[in-house]
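Comments concern the structure below.
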Amino acid sequence: MPTREFLLRLSELYDEFQQHDAKQCDRLQRFRNIEPDSAQFISMLIRTQQSQSILEIGTSTGYSTLWLAEAAQATGAHMVTLEIEEKRSQQAKNYAQELKLDSVIEFWTGDAAQYLQQAIDSFDFILLDAERSYYAAYWNDLQRLIRKKGGVLIVDNVISHAAEVKEFLAIIKQDANFMTTTLALGAGLFMVVAK
Ligand SMILES: C[S@@+](CC[C@H](N)C(=O)[O-])C[C@H]1O[C@@H](n2cnc3c(N)ncnc32)[C@H](O)[C@@H]1O
């Protein structure tokens, strides 16, 4: 279970990030961190699955990364997190060091598409939380990376930005290799499980 110290620090960080985002007119300048309810649910899923390998697409300043890493530490997993902006990745890394979670995280900086194309090993658990317009193009690689039975993919913002992910979700829903559901938590989570 996450410690009281972890929960307090994460709550502080979330408030800081929210205050930052409230001042930005440009969407891309916002950190757009996942909602706390969603983060806690993801932590529970990782514990339930006893995930051993975790991938995050879209680190931002690391709010979700820290939640994933805390759960990864509990299950003995290794995780990789992808972020295109070097400065954000470094900021997230600093928090991970502060919370002594850096040993379970590999911070990868660059275009997620490039990472996904070259990735060979599958992951037990993937969180997709980057630029929605690219999601459909990621699917070929994503399905290869969660093909193992019981592999889980979570996509954030499927209720808050339903129109932007409609086509992507439709592709997955018609794929007989996966079970899917939408959860009304935070901004809406789409859960995909490999059969
Ligand atoms: C919604 S935010 C992620 C929030 C983070 N998961 C959290 O909850 O704290 C999306 C992030 O994806 C990054 N991003 C956008 N396009 C990307 C790409 N092609 N490859 C890697 N990261 C990308 C953005 O820079 C941004 O920081």
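Just so it is clear, none of the values below were taken in a lab; they were calculated from the coordinates. Computed from a predicted structure; not experimentally measured. Note that each Cβ is placed from the backbone with ideal geometry, even for glycine, and that neighbours are counted across all protein chains shown.
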Relative contact order for region 11-117, counting Cα pairs under 8 Å that sit 6 or more residues apart, in percent: 23
Of G110, L153, Y134, which is farthest along the charge dipole of the chain in the positive direction, counting Lys and Arg as +1 and Asp and Glu as -1 at C-beta? L153
Helix-derived [θ] at 222 nm for the chain: sum -39500 (n - 2.57) over DSSP H runs of at least 4, divide by residue count, nearest 500? -14500 deg cm²/dmol
Checking the cross-link filter: which lysines have an alpha carbon closer than 24 Å to that of K149, excluding same-chain neighbours under 8 positions apart? K173, K195
Show me 59-69, 155-165 ranked by packing, highest mean number of other Cβ atoms within 10 Å first. 59-69, 155-165
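Which percentage, to the nearest 5, of the DSSP beta bridges contained in the chain is antiparallel? Before the final figure, lay out the partial values.
Values: 10 of 28 bridges.
The antiparallel fraction comes to roughly 35 percent.
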Would you mind pulling out the separation of the Cα centroids of region 1-22 and region 151-195, in Å? 26
Spin-label model distance (nm) - L8 vs Q174, 7 Å beyond Cα toward Cβ: 5.3
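Might you report the magnitude of the Cβ-based charge dipole of the chain about its Cα centre, with Lys and Arg at +1 and Asp and Glu at -1, to the nearest 20 debye? Could the numbers behind the result be given before it?
Values: 19 positive and 26 negative charges, 109 e Å.
Dipole about the Cα centre, nearest 20: 520 debye.
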Compute and list, largest first, the equivalent-ellipsoid semi-axes of region 128-195 from the alpha carbon gyration tensor, each √(5λ) rounded to a whole angstrom. 18, 13, 10
Cα extents of the chain along the three principal axes, largest first, in whole Å? 42, 39, 31
